[in-house]
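The values are calculated or read from the model by the stated rules, or taken from the named source; none is laboratory data. This structure is a prediction, so every number in the text was calculated from the model and none was measured. Methodologically, a virtual Cβ is constructed for each residue, glycine included, from the backbone with ideal geometry; neighbour enumeration extends over all protein chains shown.
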Amino acid sequence: MGKTLFEKIWESHIVVEKQNEPALIYIDRHLVHEVTSPQAFDGLRMNNRKVRRPDLTIATMDHNVPTSDRTLPILDQTSAVQIKTLENNCKDFGIKLFDINSPNQGIVHVIGPQLGITLPGSTIVCGDSHTSTHGAFGALALGIGTSEVEHVLASQTLWLEKPKTFEVRVEGKRKNPHAVTAKDIILSIIKNIGTAGGTGTVIEYRGEGITDLSMDQRMTICNMSIEGGARAGLIAPDQKTFDYLRDREYTPKNYESLVDSWKENLKTDSDATFDKTFTLNINEIAPQVSWGTNPGMTCDVDESIPSPDDFSNGDDNQKRGAEKALEYMALESGTMIEDIKIDRVFIGSCTNARLEDLIEASKIVQGQKVASSVSAMVVPGSQMVKKQAEEMGLDKIFIDANFEWREAGCSMCLGMNPDILSPGERCASTSNRNFEGRQGNGGRTHLVSPVMAAAAAINGHFVDVRKLDLN
Amino acid sequence: MKPFQNVNSIVTPLDKVNVDTDQIIPKQFLKLVQKSGFGKFLFFNWRYDENENIKSDFILNDSKYTGSKILVAGDNFGCGSSREHAVWALDDYGFSVIISSSFADIFFSNCFKNGILPISLESKMVEKLLLETNPIEVDLENQMIKTPSEDISFEINSHKKKILLEGLDDIAQTFQFVDEISKFEEKSTVPSVL
């Protein structure tokens with residue numbers, strides 16, 4: 001019987017395997033950031049251990065760095081200590097670091113692919129759940145905890161139980177690909193499979209609706225695999241993948257011979273079977289807006305806020321969850337999504353802060369002004385994205401419209417730096433999680449695509465971007 | 001890591017589904033660079049209001065549950081962020097067993113690295129335990145939860161059970177396979193980054 005892409009990558013990385021026990025899996029790339037690594041380095045020191053493969057390890061600072069003027073000192077002392085700690089750890093253990101002043105600094109999941117560090121068929125880990133992003137290149141990319149970060153630093157391996165396989169087929173063609181984006185596809189998938197629908201599995205996204213997407217868009221899809229509960233998300237590499245990674249700063253020297261072997265090996269065999277399958281048809285799909293406190297609580301932009309009774313389908317827990325969510329979000333069932341007014345707009349995060357995201361959003365913003373009741377910001381995913389956008393003049397478009405144009409980092413996606421919502425503020429956000437307090441204690445998050453966020457900024461409320469001329 | 005000891009305690013019933021790690025330990029506490037002392041920040045935004053006054057309606061603030069070592073919660077516990085700080089906070093607060101109908105993968109794995117036992121049971125059983133007011137016993141060796149009215153058996157992977165019972169250092173275990181790791185590296189075709 002044939003094998004899935006996941007099974008091929010898994011089998012080619014087994015170091016030790018025993019029946020009914022986890023396998024020891026080799027890790028090709030380890031990405032490190034300031035928040036989930038300090039305790040791991042401490043553990044190495046306490047036990048007098050080294051980093052086994054500093055040459056396979058890369059670090060940057062993204063989660064708590066300020067996105068304002070980088071020439072100023074960091075005011076938050078605990079953040080400053082954490083950043084300094086990463087610098088010291090990288091120096092002590094010989095790890096390459098893209099620090100706050102590096103032109104390569106940025107969100108770890110944006111810089112990995114941009115620098116050619118992410119490679120098809122490889123295993124990649126990072127102490128961050130959105131590591132699944134790198135699966136867009138056909139890599140098995142897993143988010144891990146700090147103990148596992150320490151384990152990989154020390155041994156370049158991880159003990160892993162073999163996940164199940166989950167095929168998500170995306171069929172059909174979007175009528176207006178500028179208005180209905182990769183973000184809307186993945187939010188629709190999560191709405192359907194649920195936030196635990198992928199638990200214990202690695203998803204492979206397949207079908208015409210996926211192969212049609214650019215690499216930036218594929219990263220948006222794989223990024224949110226964890227929001228569907230999956231261990232990882234994968235897309236088989238194709239010519240777009242190989243072209244994207246060619247001639248990057250860290251692209252391997254023998255790249256073309258690697259491409260030849262990837263073309264041969266990195267695909268699911270036609271007779272392979274998956275443990276589970278879900279199919280989404282995107283012919284009629286609408287822009288999505290989350291209304292609740294998890295990413296599965298999402299509806300079409302032209303719908304109204306659902307009633308908790310819609311969720312009572314034999315499961316009282318789900319109904320109570322919806323009631324609690326509406327209470328936290330201060331929303332009433334029956335309100336049209338387009339009638340929801342917003343206070344803040346955040347265009348950023350490892351989900352949607354790549355160049356293409358900013359280009360698409362800028363088309364909505366060009367020649368317009370942010371509504372007077374709204375405060376809006378753009379936080380590019382990396383300093384490299386920022387520079388490319390500035391070379392295209394996108395910064396001027398956003399600044400002229402009264403958006404703030406910031407330095408790269410995770411920023412208001414999780415609000416570890418000063419970029420946070422105030423209690424009660426409502427935000428249209430291109431990030432990945434709408435959990436209670438995620439963007440600031442008491443803040444209310446609506447997950448949307450970059451074009452939806454841009455249109456909401458201009459209008460002060462959600463707008464169905466299919467009505468706008470985006471071509 | 002400390003070996004897991006059997007637990008005899010009342011349960012703290014947290015009757016919520018999809019409890020994410022942002023709720024277990026909010027982001028403002030992730031800036032610390034040590035592993036200890038996170039217990040006081042556990043469920044911070046549910047325990048305290050904006051002025052850091054105690055919210056009397058939150059279960060952890062009910063003195064009845066002081067000293068409880070077993071947390072029982074709804075489906076998909078620990079979803080979201082990979083932050084191990086969530087497990088450090090639960091551990092530091094005093095919980096050593098978490099019972100739910102399902103757990104998110106990364107959280108589940110993080111528990112075993114810190115001597116915490118996550119137990120998955122059928123929803124019906126979890127609902128019963130949410131209502132249990134008497135102390136219960138969790139016996140890992142025999143994979144049994146003993147309540148005054150019944151004994152409930154639970155499943156656990158034998159490898160994970162051994163790690164908890166013996167308090168094994170994961171990395172020291174892995175170093176037994178250092179020759180296999182070196183052999184793997186010799187044949188690996190994935191180039192270095194640097």
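Yes or no: the stretch B:53-65 includes at least one residue that is within 10 Å of another protein chain (Cβ to nearest Cβ), more than 26 Å from B:LYS160 (Cα to Cα) and touching a helix residue (DSSP H, G or I) at 6+ places or on another chain (Cβ under 8 Å).
No, every residue in the stretch B:53-65 fails to be within 10 Å of another protein chain (Cβ to nearest Cβ), more than 26 Å from B:LYS160 (Cα to Cα) and touching a helix residue (DSSP H, G or I) at 6+ places or on another chain (Cβ under 8 Å).
Scan the stretch A:102-115 and give yes if some residue there is closer than 12 Å to A:SER37 by Cβ and either buried (at least 24 other Cβ atoms within 10 Å of the Cβ) or without any contact (Cβ under 8 Å) to a residue 12 or more places away in the chain (or both), otherwise no.
yes
I'm trying to understand the selection: among the residues of the stretch A:37-55, which are among the polar types (S, T, N, Q), more than 20 Å from B:VAL193 (Cα to Cα), part of a loop (DSSP other than H, G, I, E, B) and touching a helix residue (DSSP H, G or I) at 6+ places or on another chain (Cβ under 8 Å)?
A:ASN47
Yes or no, residue by residue, for (1) assigned to a loop (DSSP other than H, G, I, E, B); (2) at pLDDT 95 or above; (3) within 18 Å of the chain's Cα centre (by Cα):
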residue: A:GLY296; (1), (2), (3): yes, yes, yes
residue: A:ASP302; (1), (2), (3): yes, yes, no
residue: A:GLY314; (1), (2), (3): yes, no, no
residue: A:GLU338; (1), (2), (3): no, yes, no
residue: A:ASP357; (1), (2), (3): no, yes, yes
residue: A:LYS363; (1), (2), (3): no, yes, no
residue: A:GLY367; (1), (2), (3): yes, yes, no
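Which count do you get for residues in the stretch A:35-70 that are under 18 Å from A:GLN383 (Cβ atoms) and facing another protein chain (nearest Cβ under 9 Å)?
Here the count works out to 3.
Confirm whether A:THR118 is closer than 25 Å to B:ASN114 by Cα, within 12 Å of chain B (Cβ to nearest Cβ) and among the hydroxyl-bearing types (Ser, Thr, Tyr).
No, not satisfied.
Inside the stretch B:116-139, can you point out the residues that are buried (at least 18 other Cβ atoms within 10 Å of the Cβ) and part of a loop (DSSP other than H, G, I, E, B)?
Across the stretch B:116-139, the qualifying residues are B:ILE116, B:LEU121.
Every residue in the stretch B:5-42 that is of a type in the set (S, T, N, Q), in contact (Cβ under 8 Å) with a residue 24 or more places away in the chain, within 14 Å of chain A (Cβ to nearest Cβ) and surrounded by fewer than 24 Cβ atoms within 10 Å (Cβ to Cβ), please.
The answer is B:SER36, and nothing else.
Would you point out which residue out of A:LEU5, A:LEU31 is crowded, with 20+ Cβ neighbours inside 10 Å, within 12 Å of chain B (Cβ to nearest Cβ) and in contact (Cβ under 8 Å) with a residue 40 or more places away in the chain?
Selected residue: A:LEU31, the only one of A:LEU5, A:LEU31 that is crowded, with 20+ Cβ neighbours inside 10 Å, within 12 Å of chain B (Cβ to nearest Cβ) and in contact (Cβ under 8 Å) with a residue 40 or more places away in the chain.
For residues in the stretch B:140-160 being within 14 Å of another protein chain (Cβ to nearest Cβ) and in a loop (DSSP other than H, G, I, E, B), which is modelled with the lowest pLDDT?
This residue is B:ASN157.
If I filter the stretch B:43-89 down to residues being among the basic types (Lys, Arg) and assigned to a loop (DSSP other than H, G, I, E, B), which single residue comes out as surrounded by the fewest Cβ atoms within 10 Å (Cβ to Cβ)?
B:LYS55
Quick one: in the stretch A:45-65, which of the residues that are farther than 27 Å from B:GLN28 by Cβ and basic (Lys, Arg) is surrounded by the fewest Cβ atoms within 10 Å (Cβ to Cβ)?
For the stretch A:45-65, the residue satisfying everything is A:LYS50.
Taking the residues in the stretch B:90-115 that are more than 7 Å from every other protein chain (Cβ to nearest Cβ) and in a helix (DSSP H, G or I) as candidates, determine which candidate is nearest to B:ILE163 (Cα to Cα).
B:PHE112
Any residue in the stretch A:246-260 that is more than 8 Å from chain B (Cβ to nearest Cβ) sitting within a Cβ distance under 7 Å of a residue that is surrounded by 11 or more Cβ atoms within 10 Å (Cβ to Cβ) and basic (Lys, Arg)? List the pairs, counting only those 6 or more apart or interchain.
A:TYR255/A:ARG246
Of all residues in the stretch A:403-456 being of a type in the set (Asp, Glu) and under 16 Å from A:VAL379 (Cβ atoms), which is nearest to the other protein chains (Cβ to nearest Cβ)?
Result: A:ASP419.
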